[in-house]
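Undergrad: Would you mind keeping the following structure in view while I ask a few things?
Just so it is clear, none of the values below were taken in a lab; they were calculated from the coordinates. Predicted model, so just to flag it, every value in this text is computed and none were measured. Here Cβ is always computed from backbone atoms with ideal geometry, including for glycine, and neighbour counts include all displayed protein chains.
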Amino acid sequence: MTTGEEHDKRQAIIDHCLKLNNSGLNQGTSGNVSIRHGDGLLISPTSTPYADLTPDKIAYVHMDGRAEGPIAPSSEWRFHRDVLAARSDVGAIVHAHPTYCTILAIHGREIPPIHYMIAIFGGPNIRVAPYAIFGSQELSDHAVTALEGRHACLLDHHGSIALGASIEQAFWRAEELETLARQYHGALLLGEPPLLTEQQIEDVMNKIAGYGLTEVE
Ligand code: 13P
């Protein structure tokens, strides 16, 4: 049994897996959550109903890929590991298959600056990582590239990834991303929407620093 900070992180992973499904962002076991810990990461185990999770069932993956735990780590441990390795600003990752993010990803449509809140993701667009089969190194490589300078991306014919300094911030971004995707989908129904300019997004990025959950960075 783990105690202290590690135990709290394991419990936070369970809480946010449950929140993913309760919020309607995800269904079944199609999402996964990780938190940086020690020289690796704590991550939800593969294909385990969230209601059955207990702190001891959370897996640990070292940066070299060695895994510990009674159940294998999420099949997506590679992109969780590789994003944490590439990004010292990231402490937690939320992956899910939210409906509107996935609709856009199926069409390979990146999200352009249709709303000023896109600024919380670090720039004027949310990219789509090209398709590769789930759990593959290829998918991880595509995700790391799509996330350069950004706190979220879509995965072609798959779903979304959201990053945060904390698990709370990563989850907040996952929810905001799905809202943005829903707004873009709705706006497209009325025709190709007008966009904000890169300068307008940069102005928001300067103004929004320190707002709400952006503060933890
Ligand atoms: P895991 O159950 O292995 O986390 O996989 C779910 C998934 O969404 C793969 O993309």
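Undergrad: Just rank S166, S160, S75, S140, fewest to most, by other beta-carbon atoms within 10 angstrom.
TA: Lowest to highest Cβ neighbour count: S75, S166, S140, S160.
Undergrad: Considering the convex hull of the alpha carbon atoms of the chain, report its projected area averaged over all viewing directions, in nm², one decimal.
TA: One quarter of the hull surface, i.e. the mean projection, equals 11.3 nm².
Undergrad: To make sure I understand, if each residue's beta carbon is the centre and we count other beta carbons within 10 Å, what order do T102, T2, T214 fall in, fewest to most?
TA: Ascending Cβ contact count within 10 Å gives the list T2, T214, T102.
Undergrad: What value does the stretch 159-217 have for Rg/Rh, both radii from Cα atoms and Rh as Kirkwood defines it?
TA: 1.03
Undergrad: With equal scatterers on the alpha carbons only and no solvent term, can you work out the Debye log10 of I(q)/I(0) for the stretch 62-188 at 0.13, 0.15, 0.18, 0.20 1/Å?
TA: For the stretch 62-188, the Cα-only Debye profile gives -0.47, -0.63, -0.90, -1.10.
Undergrad: Tally Lys/Arg at +1 and Asp/Glu at -1 over every other residue whose Cβ is under 15 Å from the Cβ of L25; what's the total?
TA: Residues near L25 contribute -2 overall.
Undergrad: Pull up the cross-link candidates among the lysines for K19, meaning alpha carbon to alpha carbon under 16 Å and not fewer than 8 places away within one chain.
TA: K9
Undergrad: Loop-only check: which trypsin sites (Lys or Arg not before Pro) in the stretch 51-81 are DSSP coil with at most 15 other Cβ within 10 angstrom?
TA: Of the trypsin sites (Lys or Arg not before Pro), the ones in loops of the stretch 51-81 whose Cβ has at most 15 other Cβ atoms within 10 Å are R66.
Undergrad: Enumerate the amide H contacts of S47 below 5 Å, restricted to partners 5 or more residues apart or on another chain; note that Pro and chain-start residues carry no placed amide H.
TA: S75
Undergrad: OK, next. Could you work out [θ]222 nm for the chain from helices alone, using -39500 (n - 2.57) per DSSP H run of at least four and dividing by all its residues? Round to the nearest 500 deg cm²/dmol.
TA: -12000 deg cm²/dmol
Undergrad: Can you compute 3J(HN,Hα) from phi for each residue in the stretch 63-73, using the Karplus curve 6.51 cos²θ - 1.76 cosθ + 1.60 with θ = phi - 60°, rounded to whole Hz and x for Gly and Pro?
TA: 4, 8, x, 5, 10, 10, x, x, 10, 4, x
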